[in-house]
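Enquirer: Dropping the structure in here first, questions after.
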Amino acid sequence: METLRRIEEKWQKRWEKAKIFEANPDPTKPKFFITVAYPYPNSPQHVGHARTYTLADVYARYMRMRGFNVLLPMAFHYTGTPVLAMAKRLAENDEDLVSDFVDVYKVPREKLKELTEPLAMARYFHQEIKEGMKEIGYSIDWRREFTTVDPHYNRFIEWQFHKLRERGYITRGSHPVGWCPKDGNPVGQHDTQGDVEPEIGEFTLIKFGHGEWVLPTATLRPETVFGVTNIWLNPKAKYVKAIVDGEKWIVSRECAEKLTYQNHKVTILESFDGRALIGKLVKNPATNEEIYILPADFVDPKNATGVVMSVPGHAPYDYVALENIKSEPSRLVEHGLKEDVIKTINAISIIETPQFSEVPAADVVKKMGIKEQTDPKLEDATKEVYRHEFHNGKMKNNTGKYAGLSVAEAKEKVKQDLIAAGKATIMYELLNRPVRCRCGTECVVKIFENQWFIDYGKPEWKALAHKCLEKMRILPEELRAQYKYVIDWLHEKACARKSGLGTRLPWDPEWIIESLSDSTIYMAYYTIARHIKEYEIQPDQLTDKVFDYIFLGVGNIGEVAEEAGINAKVLEEMRQEFLYFYPLDSRHSAHELIPNHLTFMIFNHTAIFPESLWPKQIVTNGLVTMEGAKMSKSFGNIIPLREGLATYGADPIRLSVLATAELLQDADFSPSVARAMRDRLERLYKLVIETAKTETSEKSQPSNEELTTIDKWILSRLQEHIKRATDAMEKLAVRKAIHTILFELDQDLQWYLKRAKATPKTATAYILDEVLKTQILMLTPFAPHICEELWEKMGGKGFASLAQWPNPDEAKVDVKAEESETFIATLLEDTAHIIRATGIKPTKIFYYTAAKWKWKAYLKAIEKSLEEKVEQASLIKELLKDEDLKGRGGVKEIADFIGKIIEEINKMPKERKERLMQIGMVDESRILETAKTFLETEVNAEIIIQKEEEKRYDPKNRAKMARPWRSAIYIE
RNA sequence: GCGGGGGUCGCCAAGCCUGGUCAAAGGCGCAAGGCUUAGGACCUUGUCCCGUAGGGGUUCGUGGGUUCAAAUCCCACCCCCCGCACCA
């Protein structure tokens, strides 16, 4: 571990000193521009965050070794409200947060006070994250770093929004948001107690008439208005009579207040208890039927209007409430109703569903054993009925013109019709009530006026986004469908808030552009960020015209430069640098940003830049879990990145977050994985140190004749591994790449070393040098520190990080050597099987190689099977034409033999057949003789090799079982 | 619900696109042996069932189907995870 640490620091310093990751335009080299979603500095990073960044870095390092001029920059996203909320919580000494910072992230306690200032907090964690990125060895060009609250960046965002507005993509309107009445602010997930997302639902208020008064019943299922049997009020709740937009309404007291947030003019006239209305009659506006108002405890005055229409046929709550009253009709008397009134009320069935009887609510209530209207299981019951009815339900004949429609259709139609007829209206309500603001106040829904939107709903814009997507490479490709879906689904997106850090909307400065809207095209900003710093360009010099020139090539350079007071040469340099690095070659993020950020990026690029500068690729990855569980504060299983680095080392962490899963899946991190990686690297380290000691003369490349079969074998395998690793890297199948490079290649190497030890005249020193150098180079993107060290130790020239990625050498592919080795391995396996099955402790093992005529028949059979599927009979006939074969094998033997091999041959993949044909007949005895010492040590017995067709010792008559590439075995 | 992903031999997880080399890689765990003062690490072997000869049997969510042949292709069903916005 100490060594590891030392190596890490050593190479990080050398990289920095040599500036090898600072990328400037170089017309002689192809460029590759990679960006990762910049981090939000409201807490330090944990190992989970490392996955996306490490993936991007590995890719950057790989492409660099493929000869590209790679730019990987980084910035910090200060925009938004979370950091404000956090600073506030910290100022209030919120225990959870303090313990998070102090216990989990090891922020020194005395620092906390400083961090109560939002910007200070952001700056602190910014540095923290940056340190971590350096310690893990990312190949970032830090000269281009910025934050989204830098005034220069603000100018850039202003320019972007001017462009969007010019193109007609900015609109203004109102929409419902979660709202804290006390703070006077919209609330998002991070603003609420328990971090719950306020879910806004749209209730239909159906206006039941009671004389001149309106009782607006709130429902999520307007289509059930035809099944209403009564109205529910909570007798104990406070209701009010109020003038709402000129109509006389009766609603709960809470509702009256809420309506004011939803643009209704409300004047409260009087207040009374719900019981006062029990037993009164109201008229259903859809059917004109007269029905009673009845009491129900489950009615929550805080939910919507506090007036509920009762549909016992299809709503479990209503069904149970009605049953309750029926079983206890005396309760009605206290409200001045006759007991027998209740007898006339029966569930009305208006929807038919295959899964249910006439009264679905009754089915489900009985199934779940629900007895009381306060039973929490009623929530599930409601969902179950709704789920089936929504999908499979049809409106019955008693629903007038809606008969025959599906529930999904009817729901929308009924709502629209009622609203159009003035018999209903809309009210928004929080579905997951109560949601409390961090300040403790219960949140409501407010219709936010004059909100600014980016209108992703514009069809012509969607068409551009689709076009961009079609041309893009999406990794993993499986998620393309999701992007398509999101592009179609997006509509107006509120793009500004009234609080938080960020850039002010240039034409309406009381609004601040929110974080998902100021992070869509900033990749372009990286290309000029270093000029801004180096030439000390001031924010006010960065006019729209300057950006127009740099990014769009619009305007006269002389005039623009003059006007902005920027040297024309510098301006042109910026334009050229942008054109060199743009378009973006690869964008990296976690999958969760597909529905917003990544798709916004596509949209905004198509809106602002010409087609040739649209992004070319998006790569996303799953999350990191911690020993199978989601990483979260509440589970207490967060490992801060820097702590992880200190404990396990940078390279092991890099490997750990990438080796356990491909892009699509979540990766599982655990200390044992990190340790395993570290141990694996240490083993490699030791092996290389050993190897490095060998005389250099021994490592020089021997001629082909000097190589033994096993030497050729490992070199051939090496080419295969290079090919596989390269293919995997091209698809960013990093898990596969790591497995190939670190494990599969190693397995072969171990086998080689074992074989070489028992084989005379191998070129082991040369082979080890060759294999290890290749392995180290391929491992460099993943474990750059240790690889640099080992590369140096092995006498590699320059930085491994800048060396060329290995190319497979076709000349070293040797199919014969590979088949020979498979032959040995299979034989060893078979031998072991026999020993195990028989329980013999072997002293002597006899191997009998197949007779020549078998080889002839075998190859003939393969040849035939390449043309067509071979049948036993026809094949035998064919073979018997050959007099030579017939004479040597005999008809019966040939038939027996063919019988044995025919199945094997028909199952054999085509490539293998071709390979075997290419190799032809081999001298198996010779192969076995060379491997004899090795085989003897492996099985710990004497090995005797004989030929089937020669005189031999064979008491059990086993030799006849010999097949080409599969010698017969006799053990004693 | 909509959209996306997934269900493989104790666990994790490859394979599935391009059917046959698949009883099915690899890792972890477990067992035995080696090494070691001991522990760890490391190495070897085994880890679905049966078998005194390299073999056989039953497996890849469930049920059907296509095929000489299916973990892989088709159909239906069941289950799990993620996203559905104004929030980074």
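The values are calculated or read from the model by the stated rules, or taken from the named source; none is laboratory data. Remember, predicted model here, so these are calculated numbers, not experimental data. All Cβ positions, even for glycine, are placed from backbone atoms using ideal geometry, and neighbour counts span all protein chains on display.
Enquirer: Please go through the range A:158-184 and give me each residue that is away from RNA strand B (no atom under 14 Å from the Cβ), buried (at least 16 other Cβ atoms within 10 Å of the Cβ) and within 26 Å of residue A:541 (Cβ to Cβ), ordered by number.
Expert: A:158, A:159, A:160, A:161, A:162, A:163, A:164, A:165
Enquirer: Restricting attention to the range A:470-484, and to residues there that are within 13 Å of RNA strand B (Cβ to nearest atom) and not in a helix (DSSP H, G or I), which single residue is farthest from the chain's Cα centre (by Cα)?
Expert: For the range A:470-484, the residue satisfying everything is A:474.
Enquirer: Continuing with this model, one more query. Out of A:131, A:145, A:114, I need the residue that is more than 17 Å from residue A:38 (Cα to Cα) and surrounded by fewer than 20 Cβ atoms within 10 Å (Cβ to Cβ). Which one?
Expert: A:114
Enquirer: Something else about it: With the structure loaded, tell me whether residue A:366 is free of Cβ contacts under 8 Å to residues at least 12 places away in the same chain and either within 16 Å of RNA strand B (Cβ to nearest atom) or crowded, with 19+ Cβ neighbours inside 10 Å (or both) or whether it fails that test. Steps first, answer last, please.
Expert: Numbers: free of Cβ contacts under 8 Å to residues at least 12 places away in the same chain: yes; either within 16 Å of RNA strand B (Cβ to nearest atom) or crowded, with 19+ Cβ neighbours inside 10 Å (or both): no.
Considered against the rule, which asks whether it is free of Cβ contacts under 8 Å to residues at least 12 places away in the same chain and either within 16 Å of RNA strand B (Cβ to nearest atom) or crowded, with 19+ Cβ neighbours inside 10 Å (or both), residue A:366 comes out as no.
Enquirer: Another question about this same structure. Could you check the range A:266-297 and list, in sequence order, the residues that are in contact with a helix residue (DSSP H, G or I) (Cβ under 6 Å, 6 or more places away or on another chain) and buried (at least 18 other Cβ atoms within 10 Å of the Cβ)?
Expert: A:266, A:286, A:293, A:296
Enquirer: List the number of the failed condition for residue A:142; all other conditions in (1) closer than 30 Å to residue A:443 by Cα; (2) away from RNA strand B (no atom under 15 Å from the Cβ) hold.
Expert: (1)
Enquirer: Assuming residue A:291 fulfils every condition listed in (1) farther than 19 Å from residue A:204 by Cα; (2) assigned to a helix (DSSP H, G or I) apart from one, which condition is it?
Expert: (2)
Enquirer: State which residue is nearest to RNA strand B (Cβ to nearest atom) when the search covers only the range A:836-881 and only residues that are over 49 Å from the mean Cα position of the chain (by Cα) and of a type in the set (Lys, Arg).
Expert: Top of the filtered list is A:844.
Enquirer: Inside the range A:497-511, can you point out the residues that are on the phi < 0 side of the Ramachandran plot and near RNA strand B (Cβ under 8 Å from one of its atoms)?
Expert: A:497
Enquirer: Answer yes if at least one residue in the range A:232-244 is within 23 Å of residue A:314 (Cα to Cα) and either hydrophobic (A, V, I, L, M, F, W, C) or surrounded by fewer than 15 Cβ atoms within 10 Å (Cβ to Cβ) (or both), and no otherwise.
Expert: Yes: one or more hits.
Enquirer: How many of the residues in the range A:650-695 are part of a helix (DSSP H, G or I), away from RNA strand B (no atom under 14 Å from the Cβ) and in contact (Cβ under 8 Å) with a residue 24 or more places away in the chain?
Expert: 8
Enquirer: Related question: Give the range A:533-548 a look and list any residue that's more than 10 Å from residue A:570 (Cβ to Cβ) and among the β-branched types (Val, Ile, Thr), or say none.
Expert: Taking the range A:533-548 and keeping what is more than 10 Å from residue A:570 (Cβ to Cβ), we get A:533, A:536, A:538-548.
Matches in the range A:533-548: A:543, A:546.
Enquirer: Next question. Pull out all pairs, ordered by first then second residue, where Cβ-Cβ is under 8 Å, the residues are six or more apart or on different chains, the first lies in the range A:92-118 and is under 20 Å from residue A:193 (Cβ atoms), and the second is assigned to a loop (DSSP other than H, G, I, E, B) and among the hydrophobic types (A, V, I, L, M, F, W, C).
Expert: A:98/A:112; A:101/A:107; A:101/A:112
Enquirer: Being within 39 Å of the chain's Cα centre (by Cα), surrounded by fewer than 14 Cβ atoms within 10 Å (Cβ to Cβ) and of a type in the set (Asp, Glu) is the filter here; which residues of the range A:523-563 pass it?
Expert: Across the range A:523-563, the qualifying residue is only A:534.
Enquirer: Look through A:462, A:411, A:467 and report the one residue that is buried (at least 19 other Cβ atoms within 10 Å of the Cβ), more than 10 Å from RNA strand B (Cβ to nearest atom) and either part of a helix (DSSP H, G or I) or modelled with pLDDT of 85 or more (or both).
Expert: Only one candidate qualifies: A:411.
Enquirer: A follow-up question, please. Keeping to the range A:786-801, report how many residues are within 19 Å of residue A:722 (Cβ to Cβ) and either part of a helix (DSSP H, G or I) or touching a Pro at 6+ places or on another chain (Cβ under 6 Å) (or both).
Expert: Looking only at the range A:786-801, we keep the residues that are within 19 Å of residue A:722 (Cβ to Cβ), and these are A:787, A:790-791, A:794, A:796, A:800-801.
From the residues that got through so far, the ones that are either part of a helix (DSSP H, G or I) or touching a Pro at 6+ places or on another chain (Cβ under 6 Å) (or both) too are A:787, A:790-791, A:800-801.
Within the range A:786-801, residues that are within 19 Å of residue A:722 (Cβ to Cβ) and either part of a helix (DSSP H, G or I) or touching a Pro at 6+ places or on another chain (Cβ under 6 Å) (or both) number 5.
Enquirer: Would you mind finding the one in A:440, A:404 that is surrounded by fewer than 16 Cβ atoms within 10 Å (Cβ to Cβ), without any contact (Cβ under 8 Å) to a residue 60 or more places away in the chain and part of a loop (DSSP other than H, G, I, E, B)? Walk me through how you get there before you give the answer.
Expert: Working: A:440 fails: without any contact (Cβ under 8 Å) to a residue 60 or more places away in the chain.
When all the criteria are applied, what remains is A:404.
Enquirer: Within the range A:889-923, how many residues turn out to be in contact (Cβ under 8 Å) with a residue 60 or more places away in the chain, under 19 Å from residue A:962 (Cα atoms), touching a helix residue (DSSP H, G or I) at 6+ places or on another chain (Cβ under 7 Å) and not hydrophobic (A, V, I, L, M, F, W, C)?
Expert: Counting residues in the range A:889-923 that are in contact (Cβ under 8 Å) with a residue 60 or more places away in the chain, under 19 Å from residue A:962 (Cα atoms), touching a helix residue (DSSP H, G or I) at 6+ places or on another chain (Cβ under 7 Å) and not hydrophobic (A, V, I, L, M, F, W, C) gives 1.
Enquirer: Checking residue A:402 against (1) at pLDDT below 80; (2) away from RNA strand B (no atom under 13 Å from the Cβ); (3) not small (Gly, Ala, Ser), only one condition comes out false. Which one?
Expert: (1)
Enquirer: Continuing with this model, one more query. Scanning the range A:960-972 for residues that are within 9 Å of RNA strand B (Cβ to nearest atom) and assigned to a loop (DSSP other than H, G, I, E, B), which turns out farthest from residue A:823 (Cα to Cα)?
Expert: Going through the qualifying residues, I end up with A:972.
Enquirer: Ok, one more. With under 52 Å from the mean Cα position of the chain (by Cα), within 11 Å of RNA strand B (Cβ to nearest atom) and not hydroxyl-bearing (Ser, Thr, Tyr) as the only criterion, which of A:940, A:957 stands out?
Expert: Unique residue meeting the criteria: A:940.
Enquirer: Considering only residues that are of a type in the set (Lys, Arg) and more than 28 Å from residue A:899 (Cα to Cα), which ones fall in the range A:913-972?
Expert: A:932
Enquirer: Would it be correct to say that residue A:788 is surrounded by 24 or more Cβ atoms within 10 Å (Cβ to Cβ), at pLDDT 90 or above, out of contact with any Leu (no Cβ under 8 Å at 6 or more places or on another chain) and not aromatic (Phe, Trp, Tyr)?
Expert: Yes: the conditions hold for residue A:788.
Enquirer: With respect to residue A:524, determine if the residue is hydrophobic (A, V, I, L, M, F, W, C) and closer than 20 Å to residue A:152 by Cβ.
Expert: Spelling it out, residue A:524 is indeed hydrophobic (A, V, I, L, M, F, W, C) and closer than 20 Å to residue A:152 by Cβ.
Enquirer: Inside the range A:883-916, can you point out the residues that are aliphatic (A, V, I, L, M) and within 15 Å of RNA strand B (Cβ to nearest atom)?
Expert: A:901, A:902, A:905, A:908, A:916
Enquirer: Step by step: first the residues of the range A:765-785, then only those that are in contact with a Ser or Thr (Cβ under 9 Å, 6 or more places away or on another chain) and assigned to a helix (DSSP H, G or I), then the one that is nearest to residue A:13 (Cα to Cα). Which residue is that? Write out each step before concluding.
Expert: Keep residues of the range A:765-785 that are in contact with a Ser or Thr (Cβ under 9 Å, 6 or more places away or on another chain), which gives A:765-766, A:768-769, A:772, A:778, A:780-782, A:784.
Checking which are assigned to a helix (DSSP H, G or I) leaves us with A:765-766, A:768-769, A:772, A:778, A:784.
Details: A:765: 32, A:766: 32, A:768: 30, A:769: 27, A:772: 25, A:778: 22, A:784: 13 Å.
Out of the qualifying residues, it is A:784.
Enquirer: Here is a follow-up. Considering only the range A:690-704, I want to know if a residue exists there that is among the hydroxyl-bearing types (Ser, Thr, Tyr) and either under 18 Å from residue A:46 (Cα atoms) or in contact with a strand residue (DSSP E or B) (Cβ under 9 Å, 6 or more places away or on another chain) (or both).
Expert: Within the range A:690-704 (the criterion being among the hydroxyl-bearing types (Ser, Thr, Tyr) and either under 18 Å from residue A:46 (Cα atoms) or in contact with a strand residue (DSSP E or B) (Cβ under 9 Å, 6 or more places away or on another chain) (or both)), the answer is no, since none of the residues qualifies.
Enquirer: Additional query: Is it true that some residue in the range A:735-752 is polar (S, T, N, Q), in a loop (DSSP other than H, G, I, E, B) and in contact (Cβ under 8 Å) with a residue 12 or more places away in the chain?
Expert: No, the range A:735-752 has no match at all.
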